[in-house]
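K.L.:
Structure provided below as structure tokens; questions to follow.
The values are calculated or read from the model by the stated rules, or taken from the named source; none is laboratory data. None of the values given here were measured: they were computed from a predicted structure. FYI the Cβ positions are ideal-geometry reconstructions off the backbone, even for glycines, and counts take in every protein chain you see. These accessible areas exclude ligands, DNA and RNA; they are computed on the full protein's heavy atoms, side chains included. Shrake-Rupley method; radii C 1.70, N 1.55, O 1.52, S 1.80 Å.
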Amino acid sequence: MQLVKVGLCAFGMSGKVFHAPFLKEHPGFFITAIVERSKEESKEKYSDAQIFLSVEEMLQNADVDLVVVNTPVQTHFEYSKMALEAGKNVIVEKPFTINAKEAEDLAKLAAEKNHFVSVYQNRRFDRDYLQVQKVLNDKVLGEIKEVEIRFDRFRTEASAKLHKEDPNLSGSGSVHDLGAHLIDQAVQLFGFPKKVFADVFSMKGNDFANDYFEILFYYENELRVRLKSSVFTKEDHYAYKIFGDRGCFLQQRSDDQENQLVGGAIPEYGTEWTAPLDSEDGILNIFNENSETERTLTSSEPGNYMNYYQNIYEHIVFGYYLPSPAEEVVQNMRIIEAVLESSRQGKVIDLV
């Protein structure tokens, strides 16, 4: 098996939870370099990797084919550009960049260098999202009329991550964080909207970056897709509500990969490594030909973030499909800019 040598730009939560475990367990990858500016925590589990004190030092001295830019969003453009110019392929955490101009520049540079940039949109591999995708592909709901996608939390205290909480830092706040997931999922499921209206602010007060948003997408066929997130939501909502002219589907946010990884689970290669559900997590209502409702409790199949890295490996080795390429995710950054502008102006923004 061809071996792809990888360098991690940081070893915080993202590196420890979302990247390093999958890269270690996948037989086609080998972590050769990790950036740790003040600690050497990676030595315990990744003793074969050389530790560097900066991204610059790693790019100058490490033997790597693929660089994972898993640093704060404010550094994504700089480090991704450095890696591309050093002749490396790049995976960059979401949100892709601070703004659309940076995203466009990186996509252009990658094409010029004949390398790729893939944005780590891991929520495309959540069990709940995959179940929604399956129901929509089955077309049992008829013409979709209205959709709501939520990602709520109960976090009344500020995060210790200043790059996410400081309102004076470009790219901070929930729209760039959780919004990057919901916007990506909506675009994947329903395409690029023609207009957007948004309400964005901080429930914790003006000293903090936005932690609440409600975004409304307008589509050509009069479909409305609403995206919403709050940090003052104690009880769970159905994360996905899909309404069509022949039925509706409600889906809980049931994927537990993040929690299991934080708890030390090992994502074994080639297996469904997550724990099975102990109850149904969805409700499907279909209106049959007699105008009667057929109500079914549904269970989603396991999600697996390993599939993202399998796609990356197959692209590098065989030239197969590249997951979430830069050229595709640029449009998400355009939407994020429009969302913030809509909230500032209090009006609908045209996207096309």
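K.L.:
Mind checking which pairs have a first residue in segment 246-257 that is farther than 12 Å from I149 by Cβ and a second that is among the small types (G, A, S) and surrounded by fewer than 19 Cβ atoms within 10 Å (Cβ to Cβ), Cβ under 8 Å, 6 or more apart or different chains?
P.N.:
Cβ pairs passing all conditions: R246/G142; G247/G142; D256/A275.
K.L.:
Moving on to the next point. Look at segment 160-202 and say how many of its residues are touching a residue at least 24 places away in the same chain (Cβ under 8 Å), in a loop (DSSP other than H, G, I, E, B) and at negative phi.
P.N.:
Result for segment 160-202: 14.
K.L.:
Can you tell me which residue among R226, R253 is open to solvent by 40 Å² or more (accessible area, probe 1.4 Å), in a loop (DSSP other than H, G, I, E, B) and on the phi < 0 side of the Ramachandran plot?
P.N.:
Of the residues listed, the single one that is open to solvent by 40 Å² or more (accessible area, probe 1.4 Å), in a loop (DSSP other than H, G, I, E, B) and on the phi < 0 side of the Ramachandran plot is R253.
K.L.:
Go through (1) within 18 Å of A180 (Cβ to Cβ); (2) surrounded by fewer than 24 Cβ atoms within 10 Å (Cβ to Cβ) for V69 and report which single condition fails.
P.N.:
(2)
K.L.:
For E272, state whether it is under 14 Å from M306 (Cα atoms) and of a type in the set (D, E, K, R).
P.N.:
yes
K.L.:
Looking at segment 143-183 only, could you name the residues that are open to solvent by 40 Å² or more (accessible area, probe 1.4 Å), in contact with a helix residue (DSSP H, G or I) (Cβ under 9 Å, 6 or more places away or on another chain) and of a type in the set (S, T, N, Q)?
P.N.:
Scanning segment 143-183 gives S159, S170.
So that you can scan it fast, the table gives a plain yes or no per residue for (1) in a helix (DSSP H, G or I); (2) of a type in the set (V, I, T); (3) buried (at least 19 other Cβ atoms within 10 Å of the Cβ):
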position	(1), (2), (3)
Q260	yes, no, no
P267	no, no, yes
R295	no, no, no
N307	yes, no, no
L322	no, no, no
I336	yes, yes, yes
S343	yes, no, yes
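K.L.:
Is one or more of the residues making up segment 216-229 touching an Asp or Glu at 6+ places or on another chain (Cβ under 9 Å), charged (D, E, K, R) and more than 28 Å from I286 (Cα to Cα)?
P.N.:
Looking for residues that are touching an Asp or Glu at 6+ places or on another chain (Cβ under 9 Å), charged (D, E, K, R) and more than 28 Å from I286 (Cα to Cα), one finds none in segment 216-229, hence no.
K.L.:
Residues I98, I91: which one is β-branched (V, I, T), under 25 Å from the mean Cα position of the chain (by Cα), under 23 Å from G171 (Cα atoms) and crowded, with 22+ Cβ neighbours inside 10 Å?
P.N.:
One residue alone meets the criteria, I91.
K.L.:
V140 is checked against (1) touching a Lys or Arg at 6+ places or on another chain (Cβ under 8 Å); (2) under 26 Å from E93 (Cα atoms); (3) in a loop (DSSP other than H, G, I, E, B); (4) not charged (D, E, K, R) and fails just one. What number does that condition carry?
P.N.:
Of (1) touching a Lys or Arg at 6+ places or on another chain (Cβ under 8 Å); (2) under 26 Å from E93 (Cα atoms); (3) in a loop (DSSP other than H, G, I, E, B); (4) not charged (D, E, K, R), only one is false for V140: (2).
K.L.:
Please tell me if S229 is of a type in the set (S, T, N, Q), under 30 Å from K194 (Cβ atoms) and modelled with pLDDT of 95 or more.
P.N.:
yes
K.L.:
Does any residue of segment 152-172 turn out to be aliphatic (A, V, I, L, M) and in contact with a strand residue (DSSP E or B) (Cβ under 6 Å, 6 or more places away or on another chain)?
P.N.:
Looking for residues that are aliphatic (A, V, I, L, M) and in contact with a strand residue (DSSP E or B) (Cβ under 6 Å, 6 or more places away or on another chain), one finds none in segment 152-172, hence no.
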